[in-house]
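*Asks:* Structure provided below as structure tokens; questions to follow.
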Amino acid sequence: MRSTRLVLSRLFAPLLALVLPLLLVNSALAHHSFRAQYDATKPIEVTGYVTKVEWTNPHVYIYVDIENVEGKIENWGFELGPPHALQNNGWKKNTLEIGVQVDVSGTLARDGSHNANARSVRLAGSDVRLGAASSEQLNR
């Protein structure tokens, strides 16, 4: 019995040594850096209507319908901070309801898609400004 355990441990130790680093790399890649995904030299400020809110880890996402310069509606995705950080800054799951108008300022995605990292979200027509950035210090 003891020799069987010894043989198994000698077989699985090298396998574990190979697999464990792969698992760790995959975990590290799952969370991106701000600089890898967004271009800090390309700020964006838009006004639109909230179409969807995804209150999930590791980041909250909001989706906003925005009218482009040609008058066509485009749906943009904005990455915010993690739920716990937003809650510490005064957000609740229902802070933004579908259909509410918002002003969003942030940083464009490097890939040219309709995605951005939100620095702040302001309820249009009000002074309620919510810190939102996943890359910068949250402030109200």
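The numbers here are math on the coordinates, done by the rules we state, and not lab data. Everything quoted here is computed from the prediction, not taken from an experiment. Here the Cβ is made from the backbone with ideal geometry for all residues, glycine too, and neighbour counts use every protein chain on show.
*Asks:* Taking segment 34-131 on its own, what percent of its Cα-Cα pair distances exceed 15 Å? Kindly include the intermediate steps, with their values, before the conclusion.
*Replies:* Working: 2798 of 4753 pairs.
When all Cα pairs of segment 34-131 are counted, 59 percent exceed 15 Å.
*Asks:* Among 95-106, 68-79, how do they line up by average Cβ neighbours within 10 Å per residue, starting with the highest? Can you show the working numbers first?
*Replies:* On the way: 95-106: 16.7, 68-79: 13.9.
Top of the packing list down: 95-106, 68-79.
*Asks:* Can you tell me the length gained on complete extension of the stretch residue 126 to residue 33, counting 0.36 nm per residue apart and subtracting the Cα distance? Can you show the working numbers first?
*Replies:* On the way: separation 93, 0.36 × 93 = 33.48 nm, distance 3.22 nm.
Stretched out fully, the residue 126 to residue 33 stretch lengthens by 30.3 nm.
*Asks:* Ranking 55, 91 by Cβ neighbours within 10 Å, fewest first, what do you get?
*Replies:* Details: 55 18, 91 23.
Neighbour counts put them in this order, fewest first: 55, 91.
*Asks:* Residues with amide H under 5 Å of residue 128's amide H, sequence separation 5 or more or different chain, H placed in the peptide plane at 1.01 Å from N; which?
*Replies:* Here the answer is 123, since their amide H atoms fall under 5 Å of that of residue 128.
*Asks:* Net charge around residue 80, counting only other residues with Cβ within less than 10 Å of its Cβ (Lys, Arg = +1; Asp, Glu = -1)?
*Replies:* On the way: positive: 119; negative: 54, 79.
Residues near residue 80 contribute -1 overall.
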